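The values are calculated or read from the model by the stated rules, or taken from the named source; none is laboratory data. What you are looking at is a predicted structure, and each value in this text was computed from that prediction instead of being measured. Cβ coordinates were reconstructed from backbone atoms using ideal geometry, including for glycine residues, and neighbour counts include every protein chain displayed. The area values use the complete protein model at the heavy-atom level, side chains included, leaving out ligands, DNA and RNA. Shrake-Rupley method; radii C 1.70, N 1.55, O 1.52, S 1.80 Å.
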Amino acid sequence: MNYFESQRLLLRELVEQDIDDRYLSWFQDVKVTKFLEAKNLTKQQVIDHLRHGKDTNTYFMFAIISRESSIHIGNLKVGPIRWKHRVSDLVTVIGDRNYWGRGLATEAIKMGSRIAFEIHDMRKLSAGIYSDNLPSIKCYQKAGWIIEAILQGDFDLNEKILDRVCVGCFNPKYFNLNDIKKMKWPL
């Protein structure tokens with residue numbers, strides 16, 4: 001099994017043995033799932049999702065591990081991957097709220113970007129974030145991502161209409177990052 005390390009984190013393949021009661025509790029916590037589509041997951045749903053990613057080669061799931069405590073604190077997903085275009089989404093969640101506010105999501109996003117670019121040769125990564133989820137927007141920006149667009153009224157969160165903030169990260173192998181960074185983005 002491949003491991004990817006940073007100063008405070010370890011990323012490794014998410015495996016079925018990781019899906020325990022503690023893991024499932026993250027997806028029942030209203031604060032963790034406030035801006036997630038995945039809520040109240042069952043063990044079988046998670047296992048089926050893991051297997052589908054492997055079987056179809058359309059996404060890769062990673063466990064985010066705190067190096068300090070060796071505890072599984074969240075997940076990172078590269079996918080769905082559109083192989084023809086070499087582009088993918090990259091999503092992260094820190095499910096263990098004891099680890100919120102430490103910059104670990106930003107660190108995981110940076111690691112996930114490197115994995116997607118260096119190992120899977122993705123040209124570009126994207127994420128769509130609820131406009132009220134300012135901490136997530138800031139995490140991606142701190143990880144070097146830029147706001148590419150805002151889709152007005154794209155989300156309905158408990159009958160509150162919110163915009164989708166579209167962020168992107170570009171592989172320097174394929175893009176001149178200086179030109180991209182010079183562009184002015186809203187927000």
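Data table
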quantity: Point-to-point label distance, ARG67-ARG102, nm (Cα→Cβ direction, 7 Å offset); calculated: 1.3
quantity: Over the chain, volume per residue of the alpha carbon convex hull, in Å³; calculated: 126
quantity: GLU37/ASN178 FRET efficiency (R0 30 Å; Cβ-Cβ; nearest 0.05); calculated: 0.30
quantity: Hits among aspartates and glutamates - C-alpha to C-alpha of LYS124 under 14 Å, sequence gap 8 or more where chains match; calculated: ASP89, GLU148
quantity: Probe 1.4 Å, all protein chains present, accessible-area order of THR106, THR42, THR58, largest first; calculated: THR42, THR58, THR106
quantity: Loop GluC sites (Glu not before Pro), segment 1-80 (other Cβ atoms within 10 Å of the site Cβ: 11 or fewer; DSSP); calculated: GLU37, GLU68
quantity: Potential lengthening between ILE161 and ARG22 on full extension [0.36 nm per residue; Cα-Cα distance subtracted]; calculated: 46.9 nm
quantity: Residues with amide H under 5 Å from that of GLU148, placed H, sequence gap 5 or more; calculated: CYS166, VAL167, GLY168
quantity: Gaussian network model of the chain, Cα within-10 Å springs - most flexible of LYS84, LYS142, LYS43; calculated: LYS84
quantity: Pair GLN45, LEU151: separation of 7 Å Cα→Cβ label points (nm); calculated: 2.2
quantity: Global form of segment 1-70, assessed from the alpha-carbon gyration tensor, a/c cut-off 1.5; calculated: oblate
